[in-house]
Amino acid sequence: MADQRIVRYDRLDPSKTERKAFDCGDQELNAWLVRYARQNMDEGNAVVYLLSEDRRILGYYSLSAGTVSRADATAIVGRQAPDPIPAVLLGRLAVDRSAQGRTLGSRMLGHAVRQSLATREVIGARCLIVHCLTDDVTRFYKDRGFDPSPISPRTLMLPLADVVATLNALTGEG
Ligand SMILES: CC(C)(COP(=O)(O)OP(=O)(O)OC[C@H]1O[C@@H](n2cnc3c(N)ncnc32)[C@H](O)[C@@H]1OP(=O)(O)O)[C@@H](O)C(=O)NCCC(=O)NCCS
């Protein structure tokens, strides 16, 4: 099997042709990779990670600094927290249609959790949050340890303090 790696966008530096070949089935997520991923990296708004096989992009996700309001937070995330609550934002996560259902999305999510834990060594962050584009996709995150906001059901969060069990489940360790 060809080598699949998760690397920062700037380490692969994909051409426009390589970016345009990516199709996760959602036009907005496809277009973001073609038009805005590089710009957001360059401006420091996000770090984009690519899951690639040779030079083919099979998946991508982005991380940014973020916050969640106490009103939006789950009970665990909101306990003894400031308002707003510091968080790591999982901006987007998508897998090419040809590779969906083969655990690549879970692998990237596990990678995002690890990066969030590393970030937490330097900057306080209570949770990893994601704003899902559709109701359907919330199931993907709920099955992987995320809980929905009590007032915004498409916003889900994973408390980072006790995340090792989730990480082991995603990576098949433990
Ligand atoms: C959602 C997505 C990232 C999952 O990646 P993946 O590599 O297919 O996921 P995995 O193989 O790790 O896991 C598959 C699981 O995801 C679920 N899943 C896949 N696509 C889904 C969707 N659109 N909605 C809900 N669940 C979905 C599958 O049912 C499967 O569930 P199971 O583990 O209970 O069998 C991917 O399918 C995708 O890119 N979809 C289109 C883009 C999108 O909607 N992204 C989310 C934006 S917030």
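Structural remarks
Listed here are the residues, each with its yes/no results for (1) free of Cβ contacts under 8 Å to residues at least 60 places away in the same chain; (2) farther than 28 Å from ARG38 by Cβ; (3) more than 15 Å from the ligand (Cβ to nearest atom).
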| site | (1), (2), (3) |
| --- | --- |
| GLY66 | no, no, no |
| ARG79 | yes, yes, yes |
| GLY124 | yes, yes, yes |
| ASP135 | yes, yes, no |
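- Within region 87-110, the set of residues being more than 6 Å from the ligand (Cβ to nearest atom), out of contact with any Phe, Trp or Tyr (no Cβ under 6 Å at 6 or more places or on another chain) and over 23 Å from THR74 (Cα atoms) comprises ARG97, SER98, ALA99, ARG107.
- Of everything in region 41-64 that is part of a loop (DSSP other than H, G, I, E, B) and either of a type in the set (S, T, N, Q) or under 19 Å from the mean Cα position of the chain (by Cα) (or both), the residue that is farthest from the ligand (Cβ to nearest atom) is GLY44.
- When LEU109, LEU104, LEU89 are checked against the criterion of being among the aliphatic types (A, V, I, L, M), under 21 Å from LEU170 (Cβ atoms) and surrounded by 21 or more Cβ atoms within 10 Å (Cβ to Cβ), a single residue qualifies: LEU109.
Laboratory data are not the source of any read-out in this text; all were calculated from the coordinates shown. Because the structure is a prediction, the values reported are computed rather than measured. Neighbour counts run over all protein chains shown; Cβ positions are idealised from the backbone, glycine included.
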